Amino acid sequence: MDVAIVKYNAGNIRSVINALNRLGIDPVLTDDAEMLCKADKVLFPGQGEAKNAMQYLREHRLDEVIKGLSQPVLGICIGQQLLCRHSEEGDTECLGIFDAEVKRFVPTAHEEKVPAMGWNSIHDLKTDLFKGLDDGKSEPFVYFVHSYYVPVNRHTIATTDYILPYSAAIQKDNFYATQFHPEKSGEIGEIILKNFLDL
């Protein structure tokens, strides 16, 4: 299986590559349009700042490449946020695949720290991305690090709660995205990545 990871100025790609290696996949990290378009699956991960990331994508015409992909695509962390219409971070126009506004967490109590960092449960799981995880007995725990979030909307396929309920994952057509880091979420994350590869 040919798996490509979008190469752009977003940090922390190594852990995604390592997670895929553990599943027997040797992905290619590329910003080449042809390689991205012909891959069986594409991952769009990263950590970073929305405005700078979008500027890089536009300068390298990767924004149009990503929007034109027809195979399963998985956005992770800032990848999820950039797939939305707009982000409050730097007042940034994003890719617009999901008609959603990315918002900054506003703490309502002293103990509510931003960025949200650590393990949290996800619930209301939908689609085969979460196949085998929604047994009704316990909610899976996954790892988050973020200051901005996607509100719950019609594309939400998993929800989590920190300060307020928000989208832990979203899906539209061939585009899937998680706010959490499956590559850092242990056995649960490995199942989610395998489910994505099996789509």
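The values are calculated or read from the model by the stated rules, or taken from the named source; none is laboratory data. Fair warning: this is a prediction, and the values are worked out from it, not measured in the lab. Heads up, the Cβs are rebuilt from the backbone with ideal geometry, glycines too, and the neighbour counts pull from every protein chain shown. Keep in mind that these areas ignore ligands, DNA and RNA; they rest on the heavy atoms of the full protein, side chains included. Shrake-Rupley method; radii C 1.70, N 1.55, O 1.52, S 1.80 Å.
Normalised by the number of residues in the chain, the average gap of Cα pairs under 8 Å and 6 or more apart makes the relative contact order 19 percent. Taking a Cβ cut-off of under 13 Å around Ala4, the surrounding Lys, Arg, Asp and Glu residues balance to a net charge of -3, with basic ones at +1 and acidic ones at -1. Per atom type, the chain shows carbon and sulfur on 47% of its accessible surface, probed at 1.4 Å.
I'd like to check one number: the per residue accessible area of segment 13-52, probe 1.4 Å, reported in Å² as a whole number. Could you put the intermediate results ahead of the total?
Details: 1980 Å² over 40 residues.
On a per-residue basis, 50 Å².
Computed from the Cα positions only, the extents of the chain along the three principal axes stand at 47, 38, 29 Å, in decreasing order. For segment 32-48, putting each phi into the Karplus relation 6.51 cos²θ - 1.76 cosθ + 1.60 with θ = phi - 60° gives couplings of 7, 4, 5, 5, 5, 5, 8, 5, 6, 9, 10, 10, 10, x, x, 10, x Hz, in residue order, rounded to whole numbers and with x for Gly and Pro. Lysine pair count for the chain with Cα-Cα distance under 15 Å and sequence separation of 8 or more or different chains is 9.
Dipole check for segment 95-199: with +1 at the C-beta of Lys and Arg, -1 at the C-beta of Asp and Glu, and the Cα centre as origin, the magnitude is about 220 Debye.
Could you work out the relative contact order of segment 76-141, using alpha carbon pairs under 8 angstrom and six or more residues apart, expressed as a whole percent? For segment 76-141, the relative contact order is 20 percent.
Computed over all pairs of different Cα atoms, the Kirkwood value for the hydrodynamic radius of segment 109-163 is 12.5 Å. Across every pair of non-identical alpha carbons in segment 1-43, the mean reciprocal distance, once inverted, gives a Kirkwood radius of 10.5 Å. Enclosing the Cα atoms of segment 92-199 in their convex hull gives a volume equal to 108 cubic angstrom per residue.
Could you tell me the ratio Rg/Rh of segment 72-112? Both radii from Cα atoms, Rh via Kirkwood. The partial results should precede the final answer.
Working: Rg = 12.2 Å, Rh = 11.1 Å.
Checking Rg against Rh, the ratio lands at 1.09.
What ranking do 15-25, 158-168 get when scored by the average of other Cβ atoms within 10 Å per residue, highest first? Show your work: numbers first, answer last.
Details: 15-25: 15.6, 158-168: 19.7.
Ranked from most to least packed, the peptides come out as 158-168, 15-25.
At q = 0.19, 0.32, 0.33 Å⁻¹, what is the base-10 log of I(q)/I(0) for segment 86-130 according to the Debye formula with one equal point scatterer per Cα and no solvent? Please give it to two decimals. The Debye formula, applied to the Cα set alone, gives -0.94, -1.04, -1.07. In a DSSP loop and with at most 11 other Cβ atoms within 10 Å, the GluC sites (Glu not before Pro) in segment 91-171 are Glu111.
Shown in residue order for segment 183-199 are the 3J(HN,Hα) couplings computed by the Karplus curve 6.51 cos²θ - 1.76 cosθ + 1.60 at θ = phi - 60°: 5, 10, 10, x, 5, 4, x, 5, 4, 5, 5, 5, 4, 4, 5, 8, 4 Hz (x for Gly and Pro).
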